[in-house]
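To start, the structure itself, in structure tokens.
Just so it is clear, none of the values below were taken in a lab; they were calculated from the coordinates. Everything numeric in this text was worked out from a predicted model, so none of it was measured. Using ideal geometry, Cβ is built from the backbone for each residue, glycine included, and neighbour counts are taken over all protein chains shown.
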Amino acid sequence: MRIGVFVCSCGTNIAGTVDTKRVASEALSFADVVYATNYMYTCSEPGQQEIQKAITEHGLQGVVVAACSPRMHEPTFRRAVEKAGLNRYMFEMANIREHVSWIGTDKEANTRKALDLVRMAVAKLRFNAPLFSSKAPVNKRLLVIGGGVAGIQAALDCAEGGMDVVMVERKQYIGGKMAKLDKTFPTIDCSSCILGPKMVDVSQNEKITLYAASQIESINGYIGNFTVDIRKKATYVNWDACTGCGACVEKCPSKKAEDYFNEGLGQARAINIPFPQAIPKKAAIDAQFCRQLNGKKCGVCAKICPVKAIDFEMKDTIVTEKVGAIIVATGYDLFDYSVYGEYGGGRYPDVISGIQYERILSASGPFGGHIRRPSDGREPKDIVFISCVGSRDASVGRPYCSGICCMYIAKQAILTKDHMPESNSYVFYMDIRSPGKNYDEFVRRAQEEYGVQYIRGRVGKIYQRGDRMVVQGADTLLGVQVEVEADLVVLATGVESSSGAGELAEKLRISYDQYGFYMESHPKLRPVETNTAGVYLAGACQGPKDIPSSVAQGSAAASKVQSLFAHDTIETNPQVALVNERNCIACGKCIQVCPFGAIQWKELRGGIKKAEVLQTVCQGCGVCNATCPPKAIQLQHATDNQILAEVNELCA
Amino acid sequence: MKRVAYYKGCSLEGLATEYDRSTRLVCEAFGIELVEIHDWNCCGSSPAHSYDPLLSSALAGRNLAIAADQGCDVVMTPCPGCLKSLKGAQETCEDPSKRKAFVDLVGRDVDGMKTISLLQLLYEEVGPEAIKKAVKRPLSGHVLIPYYGCLLTRPADRAKFDDPENPISLDRLIEATGATAPDFPFKTECCGATYGVTRNEFVGRLSGRILDMASQLGGEAIVVACPLCQQNLDMRQDQINKFAKRDFHLPVPYISQVIGLSLGISPKKLGLDKLCVSPDVLLEDRAGDEKRVQEQAG
Amino acid sequence: MERNNILSVQQSRDSDFIREVEEASGQNVSKCYQCGNCMASCVYTFAYDYPVTQIMRLIQLGQRDTVLSSRSIWLCANCQACTTRCPNNIDVAQVMEALRIMTRQADTVSQPDIQAFYDEFLRSVKTFGRVFETGLLPVYNMRVKKPFTDFDLAPRLLKKGKITFFPALVKNRKKIAEIFEVTKRECFSKAGKARPEPLSSKTDT
Amino acid sequence: MTDEGPRSIAPADGTAADTQGIKIVGFLCNWCSYGGADTAGVCRFKQPTDLRVVRIPCTGRMDPLFIAKSLIYGVDGVLVSGCHPRDCHYAVGNFYARRRMEAFKAFLPFMGIDTRRFKYTWVSASEGQQWQKVVTEFSEQIHELGPNPGVRRQTGENSKVSTGLR
Ligand SMILES: Cc1cc2nc3c(=O)[nH]c(=O)nc-3n(C[C@H](O)[C@H](O)[C@H](O)COP(=O)(O)OP(=O)(O)OC[C@H]3O[C@@H](n4cnc5c(N)ncnc54)[C@H](O)[C@@H]3O)c2cc1C
Ligand SMILES: Cc1cc2nc3c(=O)[nH]c(=O)nc-3n(C[C@H](O)[C@H](O)[C@H](O)COP(=O)(O)OP(=O)(O)OC[C@H]3O[C@@H](n4cnc5c(N)ncnc54)[C@H](O)[C@@H]3O)c2cc1C
Ligand code: SF4
Ligand code: SF4
Ligand code: SF4
Ligand code: SF4
Ligand code: SF4
Ligand code: SF4
Ligand code: SF4
Ligand code: SF4
């Protein structure tokens, strides 16, 4: 190989403490080095031209620049050598500025060190090979998993940008938790007024295909080319026919079905449309409660349906969709408050959760928007809110703050006062966490204008006395025990990861933390990407989040997808692992360790198995390389030979 | 026949003899052989804890060791205070940093021993179903308040029995006798047991609260499984009345006495006459009344 | 700590105290985030000078004297309500227990009469192997100079045959005495200084 | 590319490598510690000059053989540094590294190598000062230990064998 070495002086930055001339002249004696020179500012235009000129004049096949950190100018010089016709990977840099001239003043020692570094770079370069990125086509369709507000935002943004979107929602309706909320902090605007139009957009946008009551069965492929199997669950109603007229619901004699939408506060029919604004507005039968499906005689709905949509024989079906990117927006679930025996949740009907209270406050809720107690339907007068139920509590395995509950308690206390000016609200809290725009002002308003009594302390016990409850707590600011008699107790149950989050993560090959929230690529700088290329996160599936942040993340994820889809093909980074099939013993160790699931089995003729790296998925970490027993898998541009060549230069 | 070492503890020898008697009778009725620990000694109770954990563990541990020597691997005690000490002894023996000191003092390890309360024995080994079947004199029509006291089920990781906040074993046992057991909110609230002698006013306040809630719920009696609770609520009920300016008159029988009654064992044998507040109200046969009412209605 | 004075956080902090409490109780007191659940759950709060939450706080600040002279420690009944409900899994009752033992060593027991009762109890155990309830009470009454405590109960208990006049004796009293002896010795070596013998509390004089 | 393995080249002035003092090799992950070393340089934090850095994508790329080879055939100390646990650019590479390094460290004495000649640490790209501290302390430690007595002089022959990890 014919190698040229260019030693940079960087003005006096390097030349001040390194004898750059000597480095250049001695470099000439290194194996394969046919040209070496010293230049004042190598990265400048003329500096780069100097390199290009030398490449042509001396027929160089590889170039070493001894200068600043490669983290600074490697891309610059790679482009420069490429322009002169070399492959950009036939270039190496020796860092003689940050690692040499700037950290020591002994010119002799520095010069020797610089020489070592140049020698190492030359040695490595002798093992370099041209690398070429390949191109893979991008299927410009997006899959959104989860139809909460975050997923909806992402889907609409992408559809707006002209992309085809497939949305999969496991419930019968989209909207997620927000669909159940009454009004939203910190502006107290009506949740369905702001979410409803977006839901309608989803159903009407021709670019969006919605699969409600559906689940992800399996996912295969990689960025740009995923194949997804979707299980459409049997709803026993042919949705193509159903007009959502509701006639069946009205006549269904099975009236004691679980009312999931109202969080168990009311009762639903076996055939149901969860709420008037539901999207899709279609009926579905809850098989658990339907008489017909449980071997009894009924079929009333089938008789009544004007379009003959009822189909008791319906089975789950699988549909396959091909997409190029995936946004996961599966949201969250809420902590089961019955874990706290001392609060009596689950035993006392008037101890309820925050989300149940949202349903009570909601005009479409079980009491038509009048605040009533579940036990006897009486209007409560004294209402106690308890914060951090199932949050910030190591004893129940939830040491984190749920972030939204301080705010929704304040909101609910304000709404309570609006509904019932004579009522009194009390909030037991440990800290108030309200770090958003206009958030703390909102909490202050609850205290200053709405007279909500905030008591700093936790509650030890709640018990029934007569038809009221006694909430026994502490006021730690005063250092006394306190008791509040209450008609209704609202527990601010904390956020936990969505049920089944782990299984879905495994299908997607993304990682999740110990609580089941999905891990972003970098907590600060890559907040919506995952470590699996082409899979993005939005909303509370990544961690507790309020609506503004969920929507922001939905849009952020959408913009990531749009920048991916702006290209017809994706250019792969060629610095990836490569399997030498002759040496691979098919032990599978690399497949196990790869953090990105980039390695799969490949079957050769005769049924022989070999590992194969998916070039588009591999991120180039090299974990597989260090793991492979026969060293069959090698990370390009950092192969064992290349690294050992550098090491070898230091060996005597 | 199930063989269980029986650690009765000092209270059951003195102020709670009726608990001892009724415990033996009920266990006999269900075929449980109680093997009294030979030459047992006091577990040291709270005073030993507050002096030195090792003293407490060694005093209690000696009893476990003897039980082990007698060939038992389950030790039952009706007293939750003793149970706490026995469990403490076992923890000490299992703690590598204390094991040697314990074994040196006590003479052997007590590995693999299981320590349980009478309540746990009745609930898990006998069970409400078996009791229901054996009832000869149902207590239907009676409203009995289940009171567990603070120590029986707490803390959860040590007690390893029932729920620390809302235990239900005593409720189920009471219901097995035919009686009604209302949801009692003060099931596990402390009655002031340790302060019977030294801080009488604490008992007045804390036990007074328990008596008050029990009578608000229409309870005719408070059923207990702890000799210290019993002494506070029963023996000191007059003192409490004086302190709280109330006039409670609630008998406080042990669960073993209540089950014994329902099995048809004579009140005298069960030591019901030893209770300070007369338990006569329990002897009223309302099962017949109820039947008649039902017949008339039907 | 005088309540009306400014507390000098650095000068008054006794970090040895924090370590001693943590060692004796096996609990990490810095886990406490002052939620107040223990205070809310403790039925003795009404009688405490410092609610148990504040005892935890005082330990965090290394306030040895304030904690060890506090009334609360000796009024805690070890009912475990705090331990059961602490969101940070702190065995608060065990911390209180450890403090009680430390006050014995420091000779700062705030409730000598309760200590006296405990000591009489232990003396009874040491002498007989079991507690002799009938014997215990009068001696205690004399020690705390409240001769008539619980005398109102006597007639009824006599009638019910619940008062015995002869202590039940454990045969192997030698072993019991040995246990008392050895644990006393162990404590000496651990604490590095003499602790008051349980049978010679200062209320005796 | 040439077929022959890399040769060791004597310094032009003919002095033996070890008379030039102590040699330490540092394997630094590209994302965190290499950046940390750059930061230290940018801040002009003075450091001993014995260290020669090899840039690797991730500490997860570290094959213990690199360290073994270095210590047996030439250098006096090996330093491996990467992103802090949980900060890995590749999510979990440094966890694999930690496990391997730990196991390898236990193995060093069997090769007759003082474990103090090997160190692995976590330094982020912003921790220039920390990098200075790590380098200074480790260099001092190696100076104290002196030249590595275990170094086997490499002939052209075994140099080929030792790099023959294909
Ligand atoms: C009581 C209460 C009051 C609140 N009030 C406010 C407020 O006033 N203001 C505010 O800003 N925030 C409020 N919030 C927070 C708000 O609910 C969330 O920020 C928001 O709902 C998060 O949206 P999301 O889309 O990420 O998740 P979600 O709303 O949970 O939506 C996730 C969707 O994904 C679906 N899904 C889950 N798993 C799968 C799967 N495997 N396959 C397919 N689909 C799946 C779910 O069915 C759901 O439809 C409140 C929360 C609560 C509990
Ligand atoms: C002491 C401190 C410590 C912090 N620590 C952390 C931490 O550990 N972790 C964390 O996540 N966050 C931390 N933050 C917050 C973090 O600094 C901000 O979140 C972040 O810098 C916001 O980035 P930005 O780009 O929005 O704004 P900025 O960083 O403020 O950047 C705005 C840029 O716009 C320029 N600009 C302003 N006006 C004009 C104009 N009219 N025309 C042209 N240019 C303009 C400014 O000069 C500036 O360069 C910390 C903040 C502080 C104060
Ligand atoms: S290449 Fe780097 S070292 Fe050279 S002049 Fe440019 S910045 Fe300075
Ligand atoms: S199933 Fe038929 S009756 Fe029911 S809502 Fe649909 S169209 Fe109407
Ligand atoms: S068949 Fe089932 S869903 Fe239809 S009306 Fe009857 S019970 Fe309701
Ligand atoms: S947001 Fe408030 S209520 Fe919710 S967990 Fe955090 S501190 Fe507790
Ligand atoms: S280099 Fe890393 S990402 Fe690529 S295949 Fe190997 S282990 Fe997977
Ligand atoms: S670790 Fe190496 S040998 Fe094993 S399967 Fe992977 S490439 Fe093949
Ligand atoms: S153990 Fe002590 S401090 Fe804790 S709740 Fe009971 S009495 Fe109060
Ligand atoms: S309950 Fe636990 S965390 Fe809360 S104040 Fe008490 S000790 Fe501290």
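Quick notes on this one:
- Normalised contact order of the stretch D:24-145, rounded percent, pairs of Cα under 8 Å and 6 or more residues apart: 39 percent
- Candidates B:Tyr123, B:Tyr147, B:Tyr254, ranked by Gaussian network fluctuation over chain B, Cα under 10 Å, top entry: B:Tyr123
- The alpha carbon convex hull volume per residue for the stretch B:2-118 rounds to 84 Å³.
- Set B:Lys84/B:Lys133; A:Lys232/A:Lys560; A:Lys113/D:Lys46; A:Lys411/A:Lys437 screened for pairs whose C-alpha atoms are more than 21 Å apart: B:Lys84/B:Lys133; A:Lys232/A:Lys560
- Close Lys-Lys pairs in the stretch C:123-190, where close means Cα under 25 Å and separation is 8 or more or interchain: 18
- Straight-line cross-link partners of A:Lys171 among the aspartates and glutamates, defined as a Cα under 16 Å from its Cα and at least 8 positions apart when in the same chain: A:Glu217, A:Glu258, A:Asp259, A:Glu263, A:Asp286, A:Asp316, A:Asp333.
- Sites A:Ile585 and A:Glu449 - FRET efficiency at Förster radius 51 Å, r taken between beta-carbons, to 0.05: 0.10
- Global dimensions of the protein assembly as shown from alpha-carbon coordinates: Rg and Dmax equal 39.1, 123 Å.
- DSSP bridge orientation in chain A - percent antiparallel, rounded to nearest 5: 50 percent
- With the convex hull drawn around the C-alpha atoms of the stretch C:123-190, the volume per residue stands at 95 Å³.
- For the pair A:Ser133 and A:Glu108, a Förster radius of 45 Å applied to the C-beta separation gives a FRET efficiency near 0.55, rounded to the nearest 0.05.
- Cα-Cα separations in the stretch C:11-106 greater than 21 Å, expressed as whole percent: 19 percent
- Listed by chain and number, the lysines whose C-alpha is less than 19 Å from the C-alpha of B:Lys132, apart from same-chain residues fewer than 8 away, are B:Lys291.
- In angstrom, the C-alpha Rg and Dmax of the stretch A:161-217 are 13.1, 40.
- Per-selection Rg to Rh, chain A - Cα, Kirkwood hydrodynamic radius: 1.11
- For the peptides D:81-94, C:151-164, A:185-198, residues were scored by their other Cβ atoms within 10 Å and the scores averaged per peptide; the highest-first order is D:81-94, A:185-198, C:151-164.
- If both residues of a DSSP beta bridge must be in the protein assembly as shown, then about 40% of such bridges are antiparallel.
- Protection proxy ranking, peptides A:206-212, B:179-185, D:103-109, average beta carbon neighbours within 10 Å, highest first: B:179-185, A:206-212, D:103-109
- Test item: D:46-52 mean partner chain Cβ contacts at 10 Å: 6
- Taking a span of 24 Å or more along the helix axis (Cα atoms) and a mean Kyte-Doolittle hydropathy of at least -1.0 as the rule, the DSSP H helices of chain C that qualify are C:173-191.
- Here the contact order of the stretch C:11-106, divided by its residue count and restricted to Cα pairs under 8 Å and six or more residues apart, works out to 35 percent.
- Degrees, to the nearest 10: A:45-58 long Cα axis against longest axis of chain A: 50 degrees
- Which of C:Met56, A:Met167 has the fewest Cβ neighbours within 10 Å, and the rest in rising order: A:Met167, C:Met56
- For GluC sites (Glu not before Pro), the sites in the stretch A:211-317 that DSSP calls loop and that have at most 15 other Cβ atoms within 10 Å are A:Glu313.
- Among B:Ser256, B:Ser50, B:Ser85, the residue with the largest mean-square fluctuation in a Gaussian network model of chain B, with springs joining Cα atoms closer than 10 Å, is B:Ser50.
- If you take the alpha carbon atoms of the stretch A:544-652 and fit the smallest convex hull around them, that volume is 180 Å³ per residue.
- Based on Cα contacts under 8 Å between residues 6+ apart, chain A shows a relative contact order of 13 percent.
- Longest to shortest principal axis, alpha-carbon extents of the stretch A:1-120, angstrom: 39, 27, 20
- Range of Cα positions in the stretch A:372-495 per principal axis (Å), largest first: 37, 32, 29
- Ordering of A:635-643, A:479-487 by packing is A:635-643, A:479-487, highest average first (other Cβ atoms within 10 Å, averaged per residue).
- The C-alpha radius of gyration of the stretch A:392-451, expressed as a fraction of 2.2 N^0.38 Å, stands at 1.24.
- Cα long-axis angle, helix B:96-106 against chain B (0 to 90 degrees, to the nearest 10): 90 degrees
- Aspartates and glutamates whose Cα lies under 15 Å from that of B:Lys245, excluding same-chain neighbours fewer than 8 positions away: B:Glu201, B:Asp212
- A Förster radius of 22 Å combined with the Cβ-Cβ distance from A:Glu313 to A:Ser499 puts the calculated FRET efficiency at roughly 0.15.
- 222 nm mean residue ellipticity, helices alone, for the protein assembly as shown (DSSP H n ≥ 4; -39,500 (n - 2.57); rounded to 500): -11000 deg cm²/dmol
- Degrees between helix A:191-204 axis and first principal axis of chain A (Cα, 0 to 90, nearest 10): 60 degrees
- Globularity index of the stretch A:223-347, i.e. its alpha-carbon radius of gyration over 2.2 N^0.38 Å: 1.32
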